[in-house]
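Participant: Dropping a structure here in structure tokens format, bear with me for questions.
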Amino acid sequence: AAGAVYIIVTGTSADVARLEIAVMIGADAVIVVDKEDPVKRGNEIAGKLYFVFEATEIASTINQGLKMLKQGGKVMITSIHVEDVTFDPIDLVRLSKSLIGVYAYHKDTWKRALTLMSSVIIDITPIISHRLLFSRGPEGF
């Protein structure tokens, strides 16, 4: 987690198995968003955050992410949204928050991920659902 103080993973009741895996591989806390307010619960767990990674494709989560940030914090948007996203820019501007779109990864990111995966720091086997030959790669998506 590259120096993160807290790693909080959110999901719905339908994601319980994924949330359990998140804890197994290092998440400090999980929030089931259809049972509790993620902004309120996130603040209770860790206070305001420096980074929020949004990967849901649900428009409202960007606004929630902005509300979770401390001054100067960043929401990293890694998903493609098909709906328009709206948010109140006043808090964004006054507290110097940022929205950053992330679509591709630098080759060094892949090298760091492979190094982490080959170490004994985390066990990635719980997140592997299938093993495919390279020739069958498209089936993995």
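The values are calculated or read from the model by the stated rules, or taken from the named source; none is laboratory data. Keep in mind it's a predicted model, so treat the numbers as computed, not measured. When we count neighbours, we look across all protein chains shown, and the Cβ atoms used for this are built from the backbone with ideal geometry, even at glycine. Heavy atoms of the whole protein, side chains included, go into the accessibility calculation; ligands, DNA and RNA do not. Shrake-Rupley method; radii C 1.70, N 1.55, O 1.52, S 1.80 Å.
Participant: Which one is surrounded by the fewest Cβ atoms within 10 Å (Cβ to Cβ), of the residues in the range 25-56 that are more than 17 Å from Met76 (Cβ to Cβ) and touching a residue at least 40 places away in the same chain (Cβ under 8 Å)?
Facilitator: Gly26
Participant: Let me ask you something else. Could you grab me the full set of residues in the range 57-71 that are open to solvent by 30 Å² or more (accessible area, probe 1.4 Å) and at pLDDT 90 or above?
Facilitator: Selection gives Asn63, Gln64, Lys67, Lys70, Gln71.
Participant: Residues in the range 32-40: is at least one of a type in the set (A, V, I, L, M) and touching a Leu at 6+ places or on another chain (Cβ under 6 Å)?
Facilitator: No, the conditions are met nowhere in the range 32-40.
Participant: Sort out which residues of the range 104-139 are surrounded by 10 or more Cβ atoms within 10 Å (Cβ to Cβ) and not in a loop (DSSP other than H, G, I, E, B), and write them in order of number.
Facilitator: Thr109, Trp110, Lys111, Arg112, Ala113, Leu114, Thr115, Leu116, Met117, Pro126, Ile127, Arg136
Participant: Do we have Ala17 as within 26 Å of Ala113 (Cβ to Cβ), surrounded by fewer than 15 Cβ atoms within 10 Å (Cβ to Cβ) and under 13 Å from the mean Cα position of the chain (by Cα) here?
Facilitator: no
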